[in-house]
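Reading through the structure tokens given below for one structure.
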Amino acid sequence: MVFGLALQLVAERTESAAVRDGVSGIRNISEAGAEAMFAIVWGVLEYGVVGVFALMATVFGRRC
């Protein structure tokens, strides 16, 4: 969070277009990384239900 805030302050206060482009590039990379993590978490949550069902089925299968 602190790094993101610092980047925002640098982008607002600088007069150099190269620095603003660099900050924009870092922001784009971090957004892409966040989207990738969301996709991974979504996949785990989607198929986690099947895994829990399989674990419960094996427990109930042993007891009956």
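Only one of the values (1) 16.0, 54; (2) 12.4, 35; (3) 22.2, 73 was calculated from this structure for Rg and Dmax of the Cα atoms in Å; name its label.
Of the listed options (1) 16.0, 54; (2) 12.4, 35; (3) 22.2, 73, (3) comes from this structure.
Based solely on its DSSP helices, what 222 nm [θ] is calculated for the chain when runs of n ≥ 4 H residues each add -39,500 (n - 2.57) and the sum is averaged over all residues, nearest 500 deg cm²/dmol?
So the helix-based figure for the chain works out to -33000 deg cm²/dmol.
In sequence order, what are the phi-derived ³J(HN,Hα) couplings for region 37-51 according to the Karplus relation 6.51 cos²θ - 1.76 cosθ + 1.60 with θ = phi - 60°, rounded to whole Hz, with x for glycine and proline?
5, 4, 5, 5, 4, 4, x, 5, 5, 5, 8, x, 4, 5, x
Could you derive backbone 3J(HN,Hα) for region 52-62 from the dihedral phi with the Karplus parameters 6.51, -1.76 and 1.60 (θ = phi - 60°), listing whole Hz in sequence and x where the residue is Gly or Pro?
Listing the rounded values in order: 5, 4, 5, 5, 5, 5, 5, 5, 5, x, 6 Hz.
Quick note: the coordinates plus some simple rules give every number you see, no bench work behind them. All values derive from a computational prediction rather than experimental measurement.
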